[in-house]
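The values are calculated or read from the model by the stated rules, or taken from the named source; none is laboratory data. As the structure is a computational prediction, the values presented were derived from the model and not from experiment. Cβ: placed from backbone, ideal geometry, glycine included. Neighbour counts: every protein chain shown. These accessible areas exclude ligands, DNA and RNA; they are computed on the full protein's heavy atoms, side chains included. Shrake-Rupley method; radii C 1.70, N 1.55, O 1.52, S 1.80 Å.
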Amino acid sequence: MTALARSIGIRLGQAIGLLLAVVVVVFLLIQIAPGDAALYLAGEQGVGDAEFLAKIRADYGLDQPLLVQLGTYIGNVAQLDLGNSTYFGDPVLGLILERLLATVLLAGAALLFAVVIGVALGVFTARRPESPASHGVTVMSLVGFATPVFWLALMFIVVFAAKWGVLPVGGIEDVRYEGNWLGETIDTLQHLILPAISLGIIYLAIYSRLARASMLEVLESDYIRTARAKGAHERVVVYKHALRNGIIPVVTAAGLQIGNLLSGALRVEFVFAWPGIGQLMISSIFRRDSPMVVGIVIFSAAMVILANLLTDLVYRLIDPRIRVGGTR
Amino acid sequence: MTDLGIAIESSVETGGRGAFRMFLRNKPAVVGSVVFIIIVLVTIFGPGMYGTEAHKMAAGPFLGPGDDAGPLLGTDYLGRDILAGVITGGRTTLFVAAVAGALSMGLGLVVGSLAGYFGGWIDALLMRFTEIFQAMPSLLFSLVLIYLIGPGTWKETLAIGVTMWALPARLTRAEFLRLREMEFVKASRAIGSTDLRIMTRTILPNAMPPLLVAATLLVVIAVLFHAGLAFLGMVDINTVSWGSIMGKNRGYTLTAWWTVAFPGLAIVATGLSIALIGDGLQDAFNPKLRGR
């Protein structure tokens, strides 16, 4: 086995262990929280005598010792069984997967927008550190950091949807285009613009500053001076030599902020009535649909762990220095 | 590593009084501090001086800002005064953000310093534990906590503080790892200082600059966090806060933009002023990174 394969194997094992730990923590939190599940379930049925409560406890395994319950729970999660939604009556995982595409579309579009424009802005301003545009990036990153994403989303709706009427207010599709795939695609993209930009602009603010700082540092390094000294064209120096190293912090931040991005997507989905996982989470909380709420948290944690794992693996492939050792 | 060495020396030279002078010379940071102080004073004394209560009907519904018949910033769908809401709305949010920030900072300091100072299996164990909290998206996690323990100012503070401590923990650990090998720490150990004394008296003061900057960031994040929870209607419905005003008026955004715009601007002003203070501290402690 090569060193690379072994280190990937270790990382994979750590990721699975981490997910297991998340499941245990969530399970314990539910135990600590006040309230008796059997009493709640009985309340739903409108019956409350002791015999019925005992039957519920037996049916749901609530009379078992805590460790046995935990074992059963972990076993179920391992078999991809997150329980059934008390509101829909269907398996939680299926309901989440139905809405996954919408969330991935929103978060992916926002991330793409933020990284591409952010890096471009960062490179542009790093070459002119004292220009107004450069100071503009600093100011914008501070404002972006302090702005609530849902407020920005609402203001976008006021300007672009209500005042100018150029883009749809919310939702993901218009019934007008049903059956016409080209119309449907264009329609969905139109619905995507405002939510994706509202979410992405916050990250754009962060990434442009990060890219600028890292490019400034890279452009001062010895190997760039060497490249310039040997007569390489400035464009080659910046885009071929410097950008490769300058982009690393942005990739790191983007990979580590997937969880953060999901949290942001949740608020944006709420504002734009975007039918994703965040929307489902909020309505499930109001319906007190516990299996759904817990399922979404575990599922999102799995997505974050997966994203971090992928970032790590991509690193090992890009940068030979961290291929064998740890990144931290 | 030479880079780090230079940075430490310069931050030692400018530390304390010098850093404070640097901070005062930084215009954006001074503006941020002044704005923040004004916001805090308005939140404390404003509601009493303004008189109108934020949750009571003050005039007709949907009066626009500057409308002669109504208050300065207009009214919402129930005729509640938006200006009164903006003045009052900061109380809970700022309180929760400050306490949650302190809570997460405290947790992070304890976990991070133990991990960084002792290293070995203690470090490995504590860092694995930290990763569990990093894996759960913070807003989802605090939503679940509030779902489980219920709303209320202290519970909201707990639910926010508990989700944010991974960042200060990692930062503290990194600082302790770096500092514990320095000469002055070895000297302290050589004269027989206890571990606790080395951690709190020798290493911690030198680790403070980046941690102070992180603390300001945490407060900004907590402000946005509480506003977000209030906007989603997940906090105590009886308290008026910037986020809750926006959440309640969300359905009327298209007709009455001012009901949402002004509370949001108050959040941006608060967050920005704290962020500017943090930026000023960063520059003051570490002049080498100025402007980046």
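Odds and ends about this structure:
- Ordered from highest to lowest accessible area with the whole protein assembly present and a 1.4 Å probe, A:GLU51, B:GLU175, B:GLU181 read as A:GLU51, B:GLU181, B:GLU175.
- Extension gain for the segment A:ARG235 to A:ASP90, taken as residue separation times 0.36 nm less the Cα-Cα distance, is 46.6 nm to one decimal.
- Using a Gaussian network model of chain A in which every pair of alpha carbons under 10 angstrom is joined by a spring, one finds that among A:LEU53, A:LEU154, A:LEU80 the greatest mean-square fluctuation is at A:LEU53.
- The mean number of partner chain beta-carbon atoms within 10 angstrom of a residue's beta-carbon across peptide B:265-274 is 3.
- Accessible-area value, B:TYR50, 1.4 Å probe, nucleic acids and ligands omitted, Å²: 80 Å²
- Cα gyration tensor category, rounded, prolate or oblate, for the protein assembly as shown with a/c compared to 1.5: rounded
- Nearest-ten-degree value, helix A:50-60 long axis tilted from longest Cα axis of chain A: 40 degrees
- Taking all protein chains as they are arranged and a probe of 1.4 Å, the heavy atoms of A:ARG6 leave approximately 120 Å² accessible to solvent.
- Per residue of B:141-151, other chain Cβ atoms within 10 Å of the residue Cβ number 6 on average.
- Cα gyration tensor category, rounded, prolate or oblate, for chain A with a/c compared to 1.5: oblate
- Highest-first arrangement of A:244-251, A:228-235, A:120-127, where packing means the average Cβ count within 10 Å: A:120-127, A:244-251, A:228-235
- For region B:129-174, the Kirkwood hydrodynamic radius from C-alpha pairs, put into Stokes-Einstein at 4 °C and a viscosity of 1.567 mPa s, yields a diffusion coefficient of 117 µm² per second.
- Whole-number percent relative contact order across chain A, with pairs defined as alpha carbons under 8 Å at least 6 apart: 25 percent
- Segment B:VAL40-B:LEU265, length gained on full extension (0.36 nm per residue, minus Cα span): 79.5 nm
- Residue-averaged [θ]222 nm for chain B, counting only DSSP H segments that reach four residues, each worth -39500 (n - 2.57): -23500 deg cm²/dmol
- Stretchable slack from B:TRP154 to B:PHE118, in nm (0.36 nm times residue separation minus alpha-carbon distance): 9.6 nm
- Rounded accessible area of A:SER300 (nearest 10 Å², 1.4 Å probe): 10 Å²
- Site pair A:GLU51 and A:LEU12 shows an inter-label distance of 5.5 nm when each label is modelled 7 Å from Cα along Cα→Cβ.
- Peptide-level mean, for A:284-293, of C-beta atoms on other protein chains within 10 Å: 2
- With Cα atoms, 0 to 90° folded angle of helix B:138-149 axis to chain B main axis: 70 degrees
- Highest mean packing first, where packing is the average number of other Cβ atoms within 10 Å per residue, the peptides A:281-290, B:227-236 line up as B:227-236, A:281-290.
- Whether region A:153-310 is rounded, prolate or oblate, judged on the alpha carbon gyration tensor where a/c under 1.5 counts as rounded: prolate
- Using θ = phi - 60° and Karplus 6.51 cos²θ - 1.76 cosθ + 1.60, couplings along region A:242-252 (whole Hz; Gly, Pro as x): 6, 4, 3, 8, x, 7, 4, x, 5, 4, 4
- The mean sequence distance of close C-alpha pairs (under 8 Å, at least 6 residues apart), as a share of the length of chain B, puts its relative contact order at 27 percent.
- Cα-projected label distance for A:GLN64 with B:ILE191, points at 7 Å along beta-carbon direction, nm: 6.0 nm
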